[in-house]
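This report concerns only the one structure given below.
The values are calculated or read from the model by the stated rules, or taken from the named source; none is laboratory data. Please read these numbers as outputs of a predicted model, since none were measured by experiment. Backbone-built Cβ (ideal geometry, glycine too); neighbour counts: all protein chains shown.
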Ligand SMILES: [Zn+2]
């Protein structure tokens, strides 16, 4: 595709032993350049499946953002998501940025809907004395300027006589990526490793005042009254991306994949399997190992019957982190956690329910996830009601299991800070009723892996340029495939 890369200087630590910092011209595939090229070359329908849907989309979304610049130009505004995550290549990690058009008709097809911007080697990050990541801030400024150009100058489409028939704007309205990425990019003072854990509210680990602890889930917990009341960054530091047009802190999404399927869901399933394999009655076998073997056979046959593929070869004490003084945790991929939770609900449904609280937690968590999965971008009144009811049920029953375990001095149902973000997804209310599942990064991880594979062959200083050029080389074919898919659907 006929698109040029752009180069901007960013600070990089070019010699970590000497602590040498240089401004290095770094390649970017600017979103403004790519969006304009896509529109010029006939791929608008991959940015917005149906132009007629834009007005309705913004009518709903802008309920959350009353002062947003898309007001008054809803039918011409294309909503975008910015994504970032670290992926591995050369035995070191790279921050990768890409964007997606939220109204793309092919969101489930990562090659046609995820567009890379740049990658930055995290081993070369430069930090200032306050711990601010200057490398990511500089990259963020380049990305911000490019998106802001799409929000102000926009892109125009003319007819044959040269008259402007469409005057389009683009706005970033969602940010997704794992927690660490958001923490770094938005210079957050509050994080999982700190006393104040949450960017959304002032919940703490409860060291000084247990009332403020995120484990206090009572309706009167004081942190509940502080939702989005203060920026999570120091007032002297404004993250570069926070000056994107129309930016709002509520646009930072909680990624269900990392928070649940690679977080609380692992704890829930790990503890559940440990409990169920510890006693007789669930799975045949005289020893715990034999019962785990039976459980593995049953899990495999359940997965086969339902058409799920599992990455995990067996349930074992090792991959459940089953040790005397450790919290159990299902050590496997996010999708395995999804399958295993469904299977556990099915297993429990086949038995006389002995542990009510556990079966409630498993069942309601599965129903809650299923509801979000099946629902569209904005929930209906009924879906929203069910989300809140099921969400309250699964988060409170999990917290009760954790509290019982603490009381009984047993290592079960760990209540880590990720629980708190999951809790937000269950209880927070937005006027738009935006489905929090849109911030899950299943498909995005897929893209990062693909791009990292390209990197492995080339030198660190030129790797990013190589990845961007390879991406561009295959882009037209991918977009043409996308157009064909859209036309045939
Ligand atoms: Zn919070």
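Some observations on this one:
- Check on residue 218, free of Cβ contacts under 8 Å to residues at least 12 places away in the same chain and within 12 Å of the ligand (Cβ to nearest atom): no
- In region 172-204, residue surrounded by the most Cβ atoms within 10 Å (Cβ to Cβ) [restricted to those that are over 30 Å from residue 117 (Cα atoms) and away from the ligand (no atom under 12 Å from the Cβ)]: 194
- Complete set of residues in region 180-199 that are in contact with a strand residue (DSSP E or B) (Cβ under 9 Å, 6 or more places away or on another chain), in contact (Cβ under 8 Å) with a residue 12 or more places away in the chain and outside any loop (DSSP other than H, G, I, E, B): 180, 181, 182, 184, 185, 188
- Test: residue in region 246-259 that is surrounded by fewer than 21 Cβ atoms within 10 Å (Cβ to Cβ) and over 20 Å from the mean Cα position of the chain (by Cα): yes
- Residue in region 238-257 that is farthest from residue 79 (Cα to Cα), counting only those that are in a loop (DSSP other than H, G, I, E, B) and away from the ligand (no atom under 16 Å from the Cβ): 238
- Some residue of region 6-22 being surrounded by fewer than 20 Cβ atoms within 10 Å (Cβ to Cβ) and assigned to a helix (DSSP H, G or I): no
- Taken together, the residues in region 45-63 that are in a helix (DSSP H, G or I) and buried (at least 20 other Cβ atoms within 10 Å of the Cβ) amount to 6.
- Set 235, 230: member being within 12 Å of the ligand (Cβ to nearest atom) and either assigned by TED's automatic domain parsing to the domain that holds residue 397 or in a loop (DSSP other than H, G, I, E, B) (or both): 230
- The single condition among (1) out of contact with any helix residue (DSSP H, G or I) (no Cβ under 7 Å at 6 or more places or on another chain); (2) part of a loop (DSSP other than H, G, I, E, B); (3) over 28 Å from residue 93 (Cα atoms); (4) at pLDDT 95 or above that residue 202 does not meet is (1).
- Out of 358, 372, one residue alone is in contact with a helix residue (DSSP H, G or I) (Cβ under 9 Å, 6 or more places away or on another chain) and either modelled with pLDDT of 95 or more or part of a strand (DSSP E or B) (or both). It is 372.
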